[in-house]
Amino acid sequence: MGKGLKDIRLYLAFFATAVIILFLYPEKGGFIYQYQTGRPWIYETLIADFDFPILKTPDQLLQEREEKASQVLDYYILNDELSLKMVSAFNNAGIGEQQDTISSILEDAYTRGIMPQQPDDKDSYGKVIFVKKGKRAKEIPVSEVFTTDQVYLQINSALAANHSQRYADSLCESVKIRDYIVPNLIYDNATTQIMHKEAVDYISPTIGTIYTGQLIVSNGEIVTREIKQLLDSYKSEYNASFSIGSSTSLLMVTHILTIFILVSLLFLTIYFTDKSILESYRKYLFVLLLQLLGFLLIVIAKQMDSTLIYVLPLSLYVIYTQAFFKNKFVYPSYLIVIMPLLFLCDNGIALYFMNAAAGAVLLVSYPKLNRGWLQFLNVLFLFITLMIVHIAFNLDGGTIITKNEITYLAIHSVLAIIGYPFVFLLESIFGLVSRVRLWELTDTNNDLLRDLAHKAPGTFQHSLQVANIAEEAAEKLGADKMLVRAGALYHDIGKMYDPKYFIENQAGGANCHSELSPQESAAKIIRHVEEGMELAKKYLPDEVSDFITTHHGDSLTAYFYNKYISEGGDPANKSEFKYHGKLPQTREQSIVMICDTVEAASRSLKSYTSDTITALVNRLVQSKIDEGQLLESEISFKEIEIVKKCLVDRLEHIYHARIDYKTSDKK
């Protein structure tokens, strides 16, 4: 256990965390302005302090690329050898008097060029292509070249004009005229693609320049798409030109102050919401590690791809801390852990509120819906929340949400839930006890407690009474009542090795201590702490087993010590009668010590009145204070008074009920 604010390790860990975050901090100075289309410019009037180009938007670039691509001409190569070959083959066919007519049409068509048959002839109206003849390419309208069907129709029409349509069809069929009509314009795909690429690559990414001294946006002016384009261009040039190297000292000081404030806010949140974290160095390190990990993930996502920020399930912090800490600490600390979104990310305000809302939903819903198919409801609630906040911040910005963003938010929601099993890994690494583990330990049907109830029933009943009283006191103090209950149930677990030596298990039978010396009896009693720790090493986490070593502290076994003195023993020989435990460090351990002492002693009262119970509680608690058993505890005198009052009220209720029962039984 630590010593709270006196523990130097707390401050060493604080500064180590700050240094690591400083090392992780992006080198470039952040763009300090946050803006959004449709919202007013809330900063001072912005005047350009350097020249910068106006960048085209992605939509503008895409539209221009499409226009350029559509204007690029297709390339064809005219195959002269094929032309000569086909005309020569027809002339050698010897078809008679119509040969010259057909040959003339074929020669003209091959000279102009025959294209493959186009399925979209209507779309080719007015279109131009490049036709390469030899080493030169010439721009030719598509209307000046032929398709295979056009050549065939021209031949058929010429024959029909001189004779008849039947004659023309019959002759074309008999000489197989289509065999001599072959495309001699060969599509040059390689050259066409090169021209397409060059046309797109030569598109300028800018549409103008803003010069030093020109107005960008005025205070209060609504950010239109045009103004946003100017701001995006200014931001891009700013981030590209003003790195940490150009203003090392100023940016370094800014980063140091930012990080110091960030880590300090978390420290103050711990101090004002749950000081018990400062008493446990492992808990403290765990919280700092989560802050460090959150910062690291934000930096990595931002540097890899800014859209990954939407996928990042920072709300897992709520689930992880809720498993180990009180709710009053969880959410305030979470709001601090996600603060880097505000100054590291574009659109940081929207991202911050999205994650803040997601954390609030999980804080409420996850404890109730964390089993089986109910976890899908958490995913659904989380997704809907993220969508609502995202849309709310984009209502005035044109496109409210894209398909990609919907996908990212869905992935975020799923990751935030399926990441829960890592709680058990963190529990093991840091030696912490999760809420789930405490629920399991406080179940009286678990094997260890059932074994205690079987072997030492009196001790089991005593432990139950202490657990009930201590839990009530812890709730009034705002302490960890689940941990208190678990500690109370197991504090005497070592008694099941030799239960007969403890009065609550003797049930009116023979007293085993009658045949032992005071030293031997004290040794039997003291041993239950060591034997309890042996069991605890096998079955209990450290935070629960600590109650075994602290519920007696290093106090005396007063009864046997006094018996030893009355028999002539040396009063200075206290070591044989002292427990070898540790003094309570936390409020929870102190509550169990006080409740254990009072509950055990209350059984020896002869009269259960308000005065006798109050006197017993006051005397026993004061004796613990006088012995220095609460000297190292964080519990205050005011809190001790609350515990005392709780004990008196509870014992009065218990024993008053018993008296009434006996009275009614006699009747």
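The values are calculated or read from the model by the stated rules, or taken from the named source; none is laboratory data. Since we're looking at a predicted model, the values are computed, not measured. Heads up, the Cβs are rebuilt from the backbone with ideal geometry, glycines too, and the neighbour counts pull from every protein chain shown. Surface areas here come from the heavy atoms of the whole protein model, side chains and all, with no ligands, DNA or RNA. Shrake-Rupley method; radii C 1.70, N 1.55, O 1.52, S 1.80 Å.
Tabulated results
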read-out: Some residue of the stretch 565-582 being hydrophobic (A, V, I, L, M, F, W, C), closer than 26 Å to SER276 by Cα and touching a residue at least 40 places away in the same chain (Cβ under 8 Å); value: no
read-out: Filter result (surrounded by 20 or more Cβ atoms within 10 Å (Cβ to Cβ), among the aliphatic types (A, V, I, L, M) and closer than 19 Å to PHE502 by Cβ) within the stretch 529-555; value: VAL529, ALA536, ILE548
read-out: One residue from TYR559, TYR564, TYR579 being aromatic (Phe, Trp, Tyr), under 20 Å from PHE502 (Cβ atoms) and surrounded by fewer than 20 Cβ atoms within 10 Å (Cβ to Cβ); value: TYR559
read-out: Single unsatisfied condition, LEU335 versus (1) among the hydrophobic types (A, V, I, L, M, F, W, C); (2) open to solvent by 40 Å² or more (accessible area, probe 1.4 Å); (3) closer than 26 Å to LEU426 by Cβ; (4) part of a loop (DSSP other than H, G, I, E, B); value: (4)
read-out: Within the stretch 628-661, considering residues that are buried (at least 18 other Cβ atoms within 10 Å of the Cβ) and among the basic types (Lys, Arg), the one modelled with the highest pLDDT; value: LYS644
read-out: Residue check, ALA488 over 30 Å from ALA572 (Cβ atoms) and out of contact with any Lys or Arg (no Cβ under 8 Å at 6 or more places or on another chain); value: yes
read-out: Complete set of residues in the stretch 605-627 that are open to solvent by 50 Å² or more (accessible area, probe 1.4 Å), of a type outside the set (Phe, Trp, Tyr) and either outside any helix (DSSP H, G or I) or at positive phi (or both); value: LYS606, SER607, THR609, GLU627
read-out: Residue that is among the hydrophobic types (A, V, I, L, M, F, W, C) and part of a loop (DSSP other than H, G, I, E, B), where the choices are ALA601, ALA572; value: ALA572
read-out: Complete set of residues in the stretch 122-179 that are among the aromatic types (Phe, Trp, Tyr) and under 17 Å from LEU73 (Cα atoms); value: TYR125, PHE130
read-out: Scope the stretch 484-528; condition outside any helix (DSSP H, G or I) and either open to solvent by 60 Å² or more (accessible area, probe 1.4 Å) or in contact with a Pro (Cβ under 6 Å, 6 or more places away or on another chain) (or both); matching residues; value: TYR497, ALA507, GLY508, ALA510, ASN511
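One line per residue, one yes/no per condition, for (1) over 21 Å from GLY113 (Cα atoms); (2) modelled with pLDDT under 80; (3) not in a strand (DSSP E or B):
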residue	(1), (2), (3)
ILE140	no, no, no
GLN150	no, no, yes
GLN154	no, no, yes
TYR167	yes, no, yes
LEU171	yes, no, yes
